[in-house]
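Each remark here refers to the structure printed beneath this line.
The values are calculated or read from the model by the stated rules, or taken from the named source; none is laboratory data. Since this is a predicted model, take the numbers as computed values, not measurements. With ideal geometry, Cβ positions are generated from the backbone for all residues, glycine too; neighbour counts draw on all protein chains shown.
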Amino acid sequence: MKMRMSLLCSAAALALVASGATLKATIVMDQIGPGFTNQDGLGGPGCQDFEAVNNAFDVAALDDFVLTSAFQLNTIEVCVTGYGGFTSYANVQSWRVEVYSTPANAAANLTGNIASVSVPTTSVNLTQPWQTGNAISAKADLDVSSFPALNLPAGTYWIAVIPVLNFGGGGGQMATLNSNFAGNPGNGNSRQANPGGGFGLPGNLGLTNTNLAIRIDGTSAGSISPSLTGASTPFNNASGDTVTLTATVTPGENPPSSGLAVTVDLTQLGGGASVAMNDQFNGTFTLDVTIGANPPCGNLLLPATVTDAELRSGNGNIPVQVVAALTPTPGATPDAEPDCGLPADTVNGGCNVTPNIFQTLTCGQTVQGTVRANTATRDTDWYSFTLAAETAMSWSVIGQANIVFGFVRDTANLTIPPVCGSPTLAINPVDVLAPCECGTVSATLGAGTWWAFVSTTFNDFPCGRTYEATLRCGALCPGDVNLDGQRNGKDVQAFVSTYPACFAGAVNNCTACQAADVDGDANFTTGDVAQLVTLLLAGDPCP
């Protein structure tokens, strides 16, 4: 391969401008100046990171800057150009920001000995062209404010911004532009480092002695942005309910915050993307929101932003629990308890009521139940079932609340059926689900009468929130989507019918959806299809 080193390549330029800093920034280096005129007509030293086969030609253009105190670098602007076959910035895979203590460090290794970060192209927003008459020149935003490695103490540093691209296949070469703007530091002190030695620089270091077109801004590390924490009430909400959102704000410091304001993104609830909250002038901001139709179900996090007049900002989330209606399973049995089991459960209060009372279930039966709770008490539903012999059992539940469920067993002897009054009764195994989340517990139980349990956490859940639970004789078998206890070709049609609803987050067919999660990663992806095919081709039956 033949590659040419260019200290003065074509006048095309790319400017990388980091944006999105949340604090009022200070320019700590500026060799770009106003507009683009100080780079028009100029070339510059090569600067690029190639694929492994061309590592000898990896090269950095670097220049020095001084920090008089500790700073978090927020934005970096650097003008670059493409040449030697370069045609498109789509060839750039990422951007390396390397910070060195001396040029010798760069000559030894392009990875910065002070800091090294990789900025993805998704953080670079290109605008073309940058230089007059050059279509491939561009100006781009490159945000480095989120990289702790670029929080630097006072000192003198050398910086290079290195585009990563393949030379092979027509990727071309790139370089950093020089600038006529003698700003800060403006000392004509640039260097070019080529640790791989492909360009034959003495000691792998060239003295270009120009001002590279780089500008850096940062925020004093002593300044603290405002922050917020979120809450909502009531705890559990449905479409049409009104929920009060609260953001508790901690003001910024150095200098103190003034003019605080908070906005919240309500798109998940059917509202606007940036809605102002109301200042209560006590450190909190509130907003009453009516939940729209068909909201997503579960524990939602609403993004919120606090800003101050000092141009700082902080982000947080306001949690809101939202439930959706469960699609009833045909033939399911209602628990029919009045007032959701509180204050007295006369249907299935189990060992928690006198006399003890249980609702009877059989293998394969699905029950539709109701729940109710507050911070002090909760409805508990107990279901009894009798086994003639040792059996692998599973208990699958989905609900409109934080569901606590499992089998009730005596921890003193897990192999014998439990008895009310035992001091060692416990839910074992047990699981806790968020609203609209499917879950299954399994256990091998001996002959006798056993209990399956459903309740909630001790939060505020109004009467009327429902759940569905299915008792199965035999552990849930991944891929047995038609739930007949066998994994075979009959499950293919059931999988095809069930999978789209599961993938879309449907809140019915809980047990079938869990069986459709064939690879067991709690997600519905093409991996489930591949795993089902593998099991069927192998003739692997349910255990």
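Exactly one of these conditions fails for Gly298: (1) at positive phi; (2) without any contact (Cβ under 8 Å) to a residue 12 or more places away in the chain. Give me its number.
With (1) at positive phi; (2) without any contact (Cβ under 8 Å) to a residue 12 or more places away in the chain applied to Gly298, the lone miss is (2).
Limited to the stretch 151-167, what total is found for residues that are outside any strand (DSSP E or B) and either closer than 18 Å to Ala60 by Cα or not assigned by TED's automatic domain parsing to the domain that holds Phe36 (or both)? Spell out how you get there, then give the answer.
Residues of the stretch 151-167 that are outside any strand (DSSP E or B), as a first pass: 153-154, 165-167.
Still in the list and also either closer than 18 Å to Ala60 by Cα or not assigned by TED's automatic domain parsing to the domain that holds Phe36 (or both): 165-167.
Selection size over the stretch 151-167: 3.
Against the conditions (1) under 20 Å from Gly155 (Cα atoms); (2) of a type in the set (Phe, Trp, Tyr); (3) not in a strand (DSSP E or B), where does Phe65 fall short? Just the number, please.
(3)
Has the stretch 184-193 got any residue that is at pLDDT 95 or above, touching a helix residue (DSSP H, G or I) at 6+ places or on another chain (Cβ under 6 Å), surrounded by 19 or more Cβ atoms within 10 Å (Cβ to Cβ) and assigned by TED's automatic domain parsing to the domain that holds Ser118?
Yes: one or more hits.
Of the conditions (1) more than 15 Å from Gly230 (Cβ to Cβ); (2) part of a strand (DSSP E or B), Ala309 clears all except one; give me its number.
Going through the list (1) more than 15 Å from Gly230 (Cβ to Cβ); (2) part of a strand (DSSP E or B), Ala309 breaks only (2).
Condition check ((1) surrounded by fewer than 16 Cβ atoms within 10 Å (Cβ to Cβ); (2) closer than 19 Å to Gly298 by Cβ; (3) in contact with a strand residue (DSSP E or B) (Cβ under 9 Å, 6 or more places away or on another chain); (4) touching a residue at least 24 places away in the same chain (Cβ under 8 Å)) across all residues:
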position: Pro423; (1), (2), (3), (4): yes, no, no, no
position: Val432; (1), (2), (3), (4): yes, yes, yes, yes
position: Cys436; (1), (2), (3), (4): no, yes, yes, yes
position: Gly446; (1), (2), (3), (4): yes, no, yes, yes
position: Thr456; (1), (2), (3), (4): no, yes, yes, yes
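From Gly479, Gly448, grab the single residue that is under 27 Å from Ala530 (Cβ atoms) and either at pLDDT 95 or above or in contact with a helix residue (DSSP H, G or I) (Cβ under 8 Å, 6 or more places away or on another chain) (or both). Lay out the reasoning, then the answer.
Values: Gly448 fails: under 27 Å from Ala530 (Cβ atoms).
Unique residue meeting the criteria: Gly479.
Residues of the stretch 391-404 being out of contact with any Asp or Glu (no Cβ under 6 Å at 6 or more places or on another chain) and crowded, with 17+ Cβ neighbours inside 10 Å, which ones? Outline the logic, then answer.
Of the stretch 391-404, the ones out of contact with any Asp or Glu (no Cβ under 6 Å at 6 or more places or on another chain) are 391-397, 399-404.
Correct list: Thr391, Met393, Ser394, Trp395, Ser396, Val397, Gly399, Gln400, Ala401, Asn402, Ile403, Val404.
In the stretch 272-303, which residues are of a type in the set (Gly, Ala, Ser) and within 16 Å of Gln321 (Cα to Cα)? Please lay out each step first, then the result.
Of the residues in the stretch 272-303, the ones of a type in the set (Gly, Ala, Ser) are 272-274, 276, 283, 292-293, 298.
Scanning the stretch 272-303 gives Gly292, Ala293, Gly298.
For the stretch 137-150, which residues satisfy the criterion of being buried (at least 24 other Cβ atoms within 10 Å of the Cβ) and in a loop (DSSP other than H, G, I, E, B)?
Ser137, Val144
Is it true that Thr263 is in contact with a Ser or Thr (Cβ under 9 Å, 6 or more places away or on another chain), outside any loop (DSSP other than H, G, I, E, B) and surrounded by 17 or more Cβ atoms within 10 Å (Cβ to Cβ)?
Details: in contact with a Ser or Thr (Cβ under 9 Å, 6 or more places away or on another chain): yes; outside any loop (DSSP other than H, G, I, E, B): yes; surrounded by 17 or more Cβ atoms within 10 Å (Cβ to Cβ): yes.
So Thr263 fits the description; yes.
Here are some residues: Ser239, Ser220. Which one is within 18 Å of Thr307 (Cα to Cα) and surrounded by fewer than 20 Cβ atoms within 10 Å (Cβ to Cβ)?
Numbers: Ser239 fails: within 18 Å of Thr307 (Cα to Cα).
Testing whether each residue is within 18 Å of Thr307 (Cα to Cα) and surrounded by fewer than 20 Cβ atoms within 10 Å (Cβ to Cβ) leaves just Ser220.
From (1) over 33 Å from the mean Cα position of the chain (by Cα); (2) surrounded by fewer than 19 Cβ atoms within 10 Å (Cβ to Cβ); (3) touching a residue at least 12 places away in the same chain (Cβ under 8 Å), pick out the condition that doesn't hold for Pro103.
Answer for Pro103: the failing condition is (2).
Tell me, yes or no, whether the stretch 174-183 has at least one residue that is loosely packed, with under 15 Cβ neighbours inside 10 Å and assigned by TED's automatic domain parsing to the domain that holds Thr111.
The first filter runs over the stretch 174-183 and keeps only residues loosely packed, with under 15 Cβ neighbours inside 10 Å, leaving 182.
Filter again for assigned by TED's automatic domain parsing to the domain that holds Thr111, leaving 182.
Within the stretch 174-183, one or more residues are loosely packed, with under 15 Cβ neighbours inside 10 Å and assigned by TED's automatic domain parsing to the domain that holds Thr111.
Out of all the residues in the stretch 272-280, is one or more among the hydroxyl-bearing types (Ser, Thr, Tyr), over 30 Å from Gly399 (Cβ atoms) and assigned to a loop (DSSP other than H, G, I, E, B)? Break it down into steps so the answer makes sense when it comes.
Residues of the stretch 272-280 among the hydroxyl-bearing types (Ser, Thr, Tyr): 274.
Filter again for over 30 Å from Gly399 (Cβ atoms), leaving 274.
Checking the rest, the ones that are also assigned to a loop (DSSP other than H, G, I, E, B) come to 274.
Yes; the residues of the stretch 272-280 include at least one that is among the hydroxyl-bearing types (Ser, Thr, Tyr), over 30 Å from Gly399 (Cβ atoms) and assigned to a loop (DSSP other than H, G, I, E, B).
Each row is one residue, and each column tells you yes or no for (1) outside the structural domain of Ala154 (by TED's automatic domain parsing); (2) part of a loop (DSSP other than H, G, I, E, B); (3) out of contact with any Lys or Arg (no Cβ under 8 Å at 6 or more places or on another chain); (4) surrounded by fewer than 18 Cβ atoms within 10 Å (Cβ to Cβ).
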position: Ala56; (1), (2), (3), (4): no, no, yes, yes
position: Val80; (1), (2), (3), (4): no, no, yes, no
position: Arg96; (1), (2), (3), (4): no, no, yes, no
position: Val99; (1), (2), (3), (4): no, no, yes, no
position: Asn113; (1), (2), (3), (4): no, yes, yes, yes
position: Pro129; (1), (2), (3), (4): no, yes, yes, yes
position: Thr132; (1), (2), (3), (4): no, yes, yes, yes
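Taking strands (runs of 3 or more DSSP E) that do not extend beyond the stretch 341-403, which have at least 3 residues that are of a type outside the set (Val, Ile, Thr) and more than 21 Å from Gly474 (Cα to Cα)?
366-373
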